1. Mind listing whichever residues of segment 74-115 are in a strand (DSSP E or B) and aromatic (Phe, Trp, Tyr)?
2. Please go through segment 128-149 and give me each residue that is touching a residue at least 60 places away in the same chain (Cβ under 8 Å) and hydrophobic (A, V, I, L, M, F, W, C), ordered by number.
3. Could you list, in sequence order, the residues of segment 37-52 that are of a type in the set (D, E, K, R) and surrounded by 19 or more Cβ atoms within 10 Å (Cβ to Cβ)?
4. Could you say whether any residue in segment 10-31 is surrounded by fewer than 17 Cβ atoms within 10 Å (Cβ to Cβ), modelled with pLDDT of 95 or more, hydrophobic (A, V, I, L, M, F, W, C) and more than 22 Å from Pro84 (Cα to Cα)?
5. Being of a type in the set (Phe, Trp, Tyr) and either exposed (fewer than 15 other Cβ atoms within 10 Å of the Cβ) or farther than 18 Å from Leu131 by Cα (or both) is the filter here; which residues of segment 74-113 pass it?
6. Of all the residues that make up segment 5-34, how many are in a strand (DSSP E or B), of a type outside the set (A, V, I, L, M) and over 19 Å from Phe65 (Cβ atoms)?
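The values are calculated or read from the model by the stated rules, or taken from the named source; none is laboratory data. This is a predicted model, so every value here is computed, not measured. Cβ placement follows ideal geometry from the backbone for every residue including glycine, while neighbour counts extend to all protein chains displayed.
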Amino acid sequence: MNSFYSIEELKLLGLKSFGEHVLISKKASIYSPGKMEIGNHVRIDDFCILSGEIKLGNYIHLSAFTALYGRFGIEMLDYSGVSPNCMIFSASDDFGGDYMINPMIPKEFTNVSGGKVLISKHVQIGAACVLMPAITIGEGSVVAAMSFVNKNLEDWGIYGGVPAKLLKTRDKGLLEKAKKLEARNYDA
């Protein structure tokens, strides 16, 4: 028994689009599939939750128990990944006390704000991280496990903490491997 959807089953999910070699666990929960675009060579593991406007590039991996809440949009560019137990929010309720909090409450009693989350190429998000709305994780950056990201992170840094801050810069050596992989795929 295969734990990933077959191509025929993927077509029945109603995704806006999906590429080649897409592996989505049958144990993942997908809400609003018509708003989701999935590239080539993407794997979504068990117990992931995907909701709202989500665009996944090529060579993406979402590890088990990861949640992407894309009300205002989440985009992951090529070669990026999210480790287990992460939560990525593109929207947030107003917890100040002037508004009610709950998706079942009529909109006139709530104050939801947010913005698109962009995870750039070659980014890895460590286990149990939380990413807040309206942020960009710069190309090649890594976020250490159990970090809280509430602002933009620059390119090619290693970030960690609550809130996340720059710990050190990251080498760009993997870019040569990416060029070789891309050349191999174009020759196929």
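1. Taking segment 74-115 as the starting set, the residues that turn out to be in a strand (DSSP E or B) are 74-76, 81-82, 87-89, 91-92, 113-114.
Within segment 74-115, just Phe89 meets the criteria.
2. Ala134, Ala145
3. Asp45 - this is the single residue of segment 37-52 that is of a type in the set (D, E, K, R) and surrounded by 19 or more Cβ atoms within 10 Å (Cβ to Cβ).
4. There is at least one residue in segment 10-31 that is surrounded by fewer than 17 Cβ atoms within 10 Å (Cβ to Cβ), modelled with pLDDT of 95 or more, hydrophobic (A, V, I, L, M, F, W, C) and more than 22 Å from Pro84 (Cα to Cα).
5. Filtering segment 74-113 down to residues of a type in the set (Phe, Trp, Tyr) leaves 79, 89, 95, 99, 109.
Tyr79, Phe95, Tyr99, Phe109, listed by residue number.
6. Taking segment 5-34 and keeping what is in a strand (DSSP E or B), we get 17-18, 22-25, 29-31.
Pick out the ones that are also of a type outside the set (A, V, I, L, M) and you get 17-18, 25, 29, 31.
When the remaining residues are screened for being over 19 Å from Phe65 (Cβ atoms), the result is 17-18.
Count: 2.
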